[in-house]
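Reading through the structure tokens given below for one structure.
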Amino acid sequence: MSKDGSTAYASVTFEVKAKDVDDAGLEGRFTEATGRQLFAATSQLVHLAGWMAQDEGDTPELHGLAQGYYAHSFRLAAEAGDAELSATALRGLAVQCVDLGYRAEAVQLGEACVEYGRHLDNPRAVAYYEATLANAAAQDDDRHMATKHLAMSETAIGRPATAGSDSWAAHYSPGRWAHESGMILPPRRPRRRRRTPPPRPRHPRPRPPPHPRHRPRRPRRRPPTPRRR
């Protein structure tokens, strides 16, 4: 259990709220719009339970529990017809895959997350999901894809935030984005320039005199022959 007791609080809150939703669904009658709201509220609660399970520790049991919560949250969001909640649930699965080293799966989930949130009117949510895909691509050594979606995330975070939004991505401020983007793609070190060799002299240097043994021999002069009288 976490030191501040937040895990226990979230667990109790989830159980109480889920019981309220179940009671309303079993004993009451509601319209289709109200049903979608119930599915959306339950999706948020289940996603919160998954996030707390993932934050609780690094064990296979907790990882499996968080994965099950995220997947169930996605199904509930699909029933509610809420694209943002669907993208948020997929983002939770993508982040979990990054932490566990499943890079290809993280990229696929990140792409699905971006696709669900592409047409949202919430710029911070769009920036949130684009940064998630950029991080997954960077972990998968795809720098081109990571740079592309990080730029799209930067464009979205630069737009004015939606006023009075209760979105899960409402906490994603420009400062939070700047910190995360700096960790996604660290700057590359500049390459060292190759030193050019000094120019060769135009005139060749004078060669040293050859060794005496290698000097060419001069032809010997023959003595003059006496002339006959």
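A residue that is open to solvent by 80 Å² or more (accessible area, probe 1.4 Å), touching a residue at least 12 places away in the same chain (Cβ under 8 Å) and within 20 Å of ALA77 (Cα to Cα) can be found somewhere in the range 121-135. Note on the range 53-77: residues that are small (Gly, Ala, Ser) and either touching a Ser or Thr at 6+ places or on another chain (Cβ under 6 Å) or not in a helix (DSSP H, G or I) (or both) total 3.
Among the acidic types (Asp, Glu), at pLDDT 95 or above and either in a loop (DSSP other than H, G, I, E, B) or under 12 Å from the mean Cα position of the chain (by Cα) (or both) - does that describe any residue in the range 116-126? Before you say what the answer is, go through the steps one by one.
First, the residues of the range 116-126 that are among the acidic types (Asp, Glu): 121.
Subsequent filtering for residues that are at pLDDT 95 or above retains none.
No, the conditions are met nowhere in the range 116-126.
With respect to ALA89, determine if the residue is in contact with a Ser or Thr (Cβ under 7 Å, 6 or more places away or on another chain), at pLDDT 95 or above, under 16 Å from ALA131 (Cβ atoms) and of a type in the set (A, V, I, L, M, F, W, C). Here the answer is no, as ALA89 does not meet what is asked.
Filtering the range 84-115 to residues that are crowded, with 23+ Cβ neighbours inside 10 Å and not aliphatic (A, V, I, L, M) leaves SER86, THR88, ARG91, GLY92, GLY110, CYS113.
Among residues of the range 59-85 that are of a type in the set (Gly, Ala, Ser), those with a Cβ under 7 angstrom from a residue that is part of a loop (DSSP other than H, G, I, E, B), sequence gap 6+ or separate chain, pair up as ALA83/GLY117; ALA83/LEU120. State whether one or more residues within the range 164-172 are in a loop (DSSP other than H, G, I, E, B) and at pLDDT below 70. Scanning the range 164-172, I find at least one residue that is in a loop (DSSP other than H, G, I, E, B) and at pLDDT below 70, so the answer is yes.
The values are calculated or read from the model by the stated rules, or taken from the named source; none is laboratory data. Keep in mind the model is a prediction, meaning the values are calculated, not measured. Positions of Cβ are backbone-derived with ideal geometry, glycine not excepted, and every protein chain shown enters the neighbour counts. Note: areas computed on protein heavy atoms with side chains; ligands, DNA, RNA excluded. Shrake-Rupley method; radii C 1.70, N 1.55, O 1.52, S 1.80 Å.
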